[in-house]
1. Taking N as the number of residues in region 2-57, what value does Rg over Cα atoms divided by 2.2 N^0.38 Å take?
2. Return a whole-number percent for the relative contact order of the chain, with Cα pairs under 8 Å and 6 or more residues apart as the contact set.
3. For every helix of n ≥ 4 consecutive DSSP H residues, a contribution of -39,500 (n - 2.57) applies; sum these over the chain, divide by its total residues, and give [θ] at 222 nm rounded to the nearest 500 deg cm²/dmol.
4. Could you give the spread of the C-alpha atoms of the chain along their three principal axes, from largest to smallest, in whole angstroms?
5. Mind giving me the nanometre distance, one decimal, between the label points for residue 19 and residue 42, set 7 Å out from Cα along Cα→Cβ?
6. Please report the equivalent ellipsoid semi-axes of region 169-214, computed as sqrt(5 x eigenvalue) of the Cα gyration tensor, largest first, in whole Å.
7. Working from the alpha-carbon coordinates of region 88-179, get Rg over Rh, Rh being the Kirkwood radius.
8. So what are region 243-284's ellipsoid semi-axes, whole angstrom, largest first, if each one is the square root of 5 times an eigenvalue of the alpha-carbon gyration tensor?
C-alpha cells in the first residue's frame with residue numbers, strides 16, 4: 001500500500017462567493033464525509049496546509065499582483081474580480097492555504113515521506129494566469145507547486161495533467177515554452193475559457209473534446225495521445241489538476257465521465273509515475289460542482305492513489 005497524504009485546511013471553507021455559487025464551501029465537506037463513510041480516513045496521512053509565502057507565489061505570480069489581491073480582500077461583504085469570481089473576508093487566507101497545500105505535498109513526496117498526495121483545497125487554481133484572477137481561481141495552485149519542484153528541489157522535468165472539464169488556461173500561460181514542463185490536458189470545447197486550441201506551445205498537449213464525449217472517447221485520448229507524450233518526456237514528478245466536473249452528473253458542463261473513468265486515468269498516471277518519477281504524484285482539486293458526484297469521484301481517485 002502506498003502512503004497517501006491528504007492535505008486540506010479548515011480555512012479553505014472560509015472562502016465564500018455568495019449564496020448559490022457552485023464553488024461553495026460544501027464541496028470540501030462532501031468530500032470529507034464520503035472519505036470517512038468509505039473508511040479511507042484510516043489509511044491516509046492527514047496534514048494541514050501551510051500558508052504559501054510571497055516568495056513561493058512569486059515564482060509564478062508578480063509581487064504586485066499578489067499585493068493587489070491582498071488589498072482587494074474585503075473586510076466584509078463580497079468584492080468581485082470578474083462576474084463569476086469574488087473575494088470574501090476569508091478568501092485571502094483560503095487562497096494562501098490552497099497554494100501552500102501544493103508546496104507541502106511536493107515537499108512530502110520529494111522527501112519520500114509519502115508516496116503521493118491529494119490536496120482537497122479551494123479556491124481552485126488552474127484558470128489563474130500570471131497576473132489575472134478568473135474562473136473561480138486566484139493563485140495557480142498547481143503551477144506554484146510545480147515551480148517549487150523546479151526551483152527548490154532541482155527537478156528537471158515535471159508533468160502536469162489536467163482532466164478538468166475546462167481548459168487550464170492559466171497553467172498554460174504560465175508554463176508555455178518552458179521545456180522543463182510538459183502539460184497534457186483534455187477539456188470540453190468550445191467551452192469556457194474558450195482557448196487552448198490555437199497554436200499551443202510545443203510543451204502543451206491540449207486535446208479538446210466535443211460536448212457529449214463519454215469515457216470511451218476520453219480513454220482513447222489518454223491511451224493514444226497522453227501516454228506516449230508522457231513516457232517520451234519521462235517526468236521526475238507528476239502533478240494532476242484533478243477537476244471532476246467532466247462527470248456526467250455535473251450540469252455545469254456536458255461531458256460524460258463516471259467514477260470508473262477517474263479510477264482508470266489515475267491508474268494510468270500512477271504507471272507513468274512508477275516508471276519515471278519514483279511514484280511521485282501531487283494531485284490538487286480543481287473543479288467539480290455536483291456534490292455527490294464530486295465526493296464519489298475524489299474518493300475513487302484517492303483510493304487508487306493509496307492502492308486500496
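All of the numbers you see were taken from the coordinates with simple rules; none came from a lab. None of these values were measured; they are calculated from a predicted model. Cβ atoms come from the backbone with ideal geometry, glycine included; neighbour counts cover every protein chain shown.
1. 1.36
2. 21
3. After summing the helix terms and dividing by residue count, I get -11500 deg cm²/dmol.
4. Taking max minus min along each principal axis of the Cα atoms, the chain gives 48, 41, 40 Å.
5. In this crude label model, residue 19 to residue 42 measures out at 4.2 nm.
6. Listed largest to smallest, the semi-axes of region 169-214 are 21, 10, 8 Å.
7. Radius of gyration over Kirkwood radius for region 88-179 works out to 0.96.
8. Equivalent-ellipsoid dimensions as semi-axes: 26, 10, 6 Å.
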